[in-house]
Amino acid sequence: MNEQEEVLEIFFSESDDLLKLAEESLLSLESTPESMPDIEQLFRSVHTLKSSAAMVGFMNISDYAHLLETLLERLRSRKLDVTKNLITILLSSIDFIRSMVDRVSQGETEEAAPGVLDERKDQVKRYLGIDAMDAPGEKFGPPAKEATKEPPEEFSFYRIDLAFRKDLFYSGQDPILVLLGLSELGEFVEVIPDLSEFPDFESFCMYDLYISWRVIIKTNRSYEDLEDVFMFVKDDNDIRIKNVTKNYREGIDIGLAEKKLGEVLLETGKITAGVLTDALNKQKKLGEVLVDDGRIEPEELQKAVALQEESRKVYRKTTIRVDVKKLDNLVNLAEEMGIGVSKVLMLFEKYAGHGQIEMLEEIENLLKVNREFEERVARVRMFPLEGTFQRFQRMVRDLAFKQNKEIKVISAGLDTELDKEVIEHISDPLKHIVRNCLDHGIETAEERQVKGKAPSGIIELKAYQRGGSIFIEISDDGKGIDLMDIRQKALEKGWIQPDQVLSKEALLRFIFMPGFSTSSKVTELSGRGVGMDVVKTQIDQLGGTIDIETEKDRGTRFTLCLPLTFALMDVLHVMVHDNSYMVPLQAVLETERFDKGLVKRFGAEERVYPFHDDYLPLVDIAKILNTGVPSAGDNTSALVFVDTGKKAFGIPVEQVLEPRPVVVKSLETNYRTIKGIAGATILGDGSVSLVLDLLGFEEIFFQHLFEEAG
């Protein structure tokens with residue numbers, strides 16, 4: 001990979017993170033419009049994206065981000081209110097930038113079609129007051145042309161806000177010269193300096209700039225001519241130009257007539273924004289309240305804020321991005337090292353010379369270090385579920401808006417970590433479940449009020465770790481799943497008989513059957529009979545389980561149980577007829593010595609064995625996998641009892657060896673998928689051991705029993 005490719009790869013990776021941050025800030029702003037931290041994070045994300053895009057030559061992305069940055073500056077300065085419509089437009093703008101980034105990452109042009117970028121820019125300009133239009137839907141034109149469309153005014157009025165960098169003088173620029181250059185283009189109606197940032201005498205530095213200006217200019221020159229004055233300072237400083245001609249009649253700003261006194265005083269520079277805020281707002285930030293109440297000294301507050309910001313800077317410097325393939329290579333190398341050390345151990349066990357015991361001890365230590373290395377590398381592949389949940393929050397917002405529903409998303413356990421590969425595999429299943437909650441579960445506001453519910457529905461996403469598994473719960477407080485509808489559909493499909501009695505759990509399992517749907521109409525989200533069966537298949541392939549709980553008019557909960565990682569798995573090593581197998585340790589209930597006298601038979605095939613207060617079926621590995629070798633039979637010395645989350649059963653084995661973490665290799669890559677086998681691993685002596693897929697194992701066994709019974 002050459003240097004240019006590396007730069008582009010970094011840009012694409014960073015832009016993805018920045019766009020996610022921007023989207024997260026917008027969704028947060030929608031519920032807390034006054035949140036300055038969210039506005040600041042949004043502004044920083046777009047600003048950084050603008051600069052990064054320009055650095056790699058994607059100027060359309062940079063220009064559009066720059067326009068958004070100007071709009072967001074108005075949010076920062078409280079000159080624009082946060083509204084639902086504005087949030088929607090900004091989210092759409094973030095999506096548009098993402099689409100442009102996706103296109104260039106695939107080697108295409110930034111624009112999907114000619115003119116789309118201009119239309120998007122015009123939309124943003126409406127909020128900036130540039131290219132103002134009189135008729136809804138009228139296409140915006142360039143500022144210069146708009147100025148010529150405003151008869152009978154011979155001159156135009158522009159308001160120009162100039163907020164320069166504090167260190168402007170160090171770049172060789174002089175704001176007075178800029179103002180003089182601007183004055184040559186027309187008549188200054190007002191020049192209002194803002195001295196609110198002026199420090200006290202002790203903090204004053206003669207080389208820093210503390211003054212900003214607002215200028216009202218009357219001119220017959222074009223918008224572009226005004227922009228040219230700021231050619232050398234517009235990129236690094238906050239320069240905003242707005243055509244305000246419609247506000248002036250006979251040289252007087254008629255807009256002052258409808259403005260409040262505070263706004264007039266603020267705009268004319270008589271008072272600062274801080275003074276106005278103190279006068280009007282009684283609600284204050286936490287830090288201000290603590291200072292006012294004497295709970296903390298101002299200096300201590302500033303130190304805490306500075307420390308927090310410094311911590312964030314240090315954190316950003318101590319994190320790097322690593323390709324998952326590189327981590328996989330490390331895991332493979334660690335496994336190869338482990339195999340090599342194990343072989344050496346076996347050789348030294350046969351060696352009877354001097355120093356054997358010391359050598360064996362050192363090799364055992366090396367094996368322990370190698371196992372820890374494998375585990376630590378696997379942990380590096382772990383990512384928090386926060387980003388995944390955040391995407392669903394955006395999806396619910398957009399789809400609820402289309403369906404005219406009010407839905408709030410609550411997330412918990414955002415810091416719960418899961419293997420990156422597992423996260424990628426569950427994204428689609430989770431998306432379908434969330435859509436089902438929204439489409440089938442949550443009622444409209446009117447329906448909810450009739451039932452005595454709050455008009456706004458709730459979808460909750462929750463993640464937590466228990467043992468060696470991660471649990472993800474998706475629940476809603478909607479109408480629940482109608483069990484009678486499920487039964488009726490099962491009858492229509494011929495899956496059950498009219499007089500057949502089924503439990504609630506058995507009925508709910510039909511939801512995962514191919515082609516099942518209780519929806520009476522096909523919508524954008526569901527009703528096509530494709531979905532939950534695919535969800536179950538994908539979860540099964542991960543070695544996980546999915547359960548459903550539902551209650552009429554109370555809601556539905558989907559619970560997914562998933563393995564922590566694909567890279568490393570804790571297993572119990574067993575032997576059956578000299579063949580080596582690995583049983584996932586998280587499913588093992590216990591092992592015990594086999595007593596042939598306790599076995600009970602039903603028919604020619606089925607055998608059960610007492611386990612606690614129940615009898616569990618015995619599943620023969622050789623028979624299920626059709627290995628072509630005899631079953632354990634009289635050689636059975638132990639039983640391994642497992643629980644897949646659905647059923648429990650026992651596995652007869654000849655020998656139970658030690659539990660161990662192993663790197664699981666996919667059979668599909670080098671051979672093909674085998675039902676009942678999750679993969680394989682290489683042992684220390686170089687032999688291959690199969691890792692059992694207990695869910696597939698269970699399915700083969702009970703399907704076989706069903707066919708025999710039939």
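Here, each number is a calculation from the coordinates, and none is a lab measurement. Just so it is clear, the model here is predicted, and its values are computed rather than measured. Virtual Cβ from ideal backbone geometry, glycine too; neighbours counted across all protein chains shown.
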### Message
How much length would be gained if the chain were fully extended between residue 74 and residue 414, taking 0.36 nm per residue of separation minus their Cα-Cα distance, in nm to one decimal?
### Response
119.2 nm
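Can you work out the FRET efficiency for the pair residue 450 and residue 36, with r the C-beta to C-beta distance and R0 = 35 Å, to the nearest 0.05?
Working: r = 40 Å, r/R0 = 1.14.
Calculated transfer efficiency: 0.30.
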### Query
Separation between the residue 154 and residue 537 pseudo-spin-labels, each 7 Å from Cα along Cα→Cβ, expressed in nm?
7.7 nm
### Message
With 10 angstrom as the radius, rank 437, 205, 561 by how many other C-beta atoms surround their C-beta, starting from the fewest.
### Response
205, 561, 437
### Summary
Scalar couplings 3J(HN,Hα) for region 85-95 by Karplus 6.51 cos²θ - 1.76 cosθ + 1.60 (θ = phi - 60°), nearest whole Hz, x for Gly and Pro, are 5, 5, 4, 4, 5, 5, 4, 4, 5, 5, 4
### Query
residue 292 to residue 403: extension gain in nm, 0.36 nm per residue of separation minus the Cα-Cα distance?
35.3 nm
### Message
How far apart, in nanometres, would the label points at residue 513 and residue 602 be if each is projected 7 angstrom from Cα along the Cα-to-Cβ direction?
### Response
2.2 nm
### Query
How would you rank 450, 422, going from fewest to most other Cβ atoms within 10 Å of each one's own Cβ?
450, 422
### Task
Provide the FRET efficiency to the nearest 0.05 for the residue 188-residue 81 pair, computing r from the beta carbons and using R0 = 25 Å.
0.25
### Summary
With label points set 7 Å from each Cα along the Cα-to-Cβ direction at residue 579 and residue 626, the distance between them in nm comes to 1.2 nm
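Under the √(5λ) rule applied to the eigenvalues of the Cα gyration tensor, what semi-axes describe the equivalent ellipsoid of region 3-128? Give them in Å, descending.
Numbers: eigenvalues 121, 52, 27 Å².
Equivalent-ellipsoid dimensions as semi-axes: 25, 16, 12 Å.
Suppose the chain between residue 171 and residue 95 were pulled fully straight at 0.36 nm per residue; how much longer would it get relative to their current alpha carbon spacing?
Between residue 171 and residue 95, full extension yields 23.8 nm more.
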### Summary
So for region 324-381, using the alpha carbon gyration tensor with a ≥ b ≥ c as root eigenvalues (a/c under 1.5 gives rounded; past that, a/b versus b/c decides prolate or oblate), I'd call it prolate
### Task
Return the Cα extents of region 383-563 along principal axes one, two and three, sorted largest first, each rounded to a whole Å.
48, 38, 27
## Note on the structure
With R₀ set to 45 angstrom, the calculated FRET efficiency between the beta-carbons of residue 592 and residue 501, to the nearest 0.05, is 0.80
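Would you order 210, 158 from fewest to most other beta-carbon atoms within 10 Å of each residue's own beta-carbon? If you can, show how the numbers build up before the last one.
Numbers: 210 15, 158 23.
Exposure proxy ranking, most exposed first: 210, 158.
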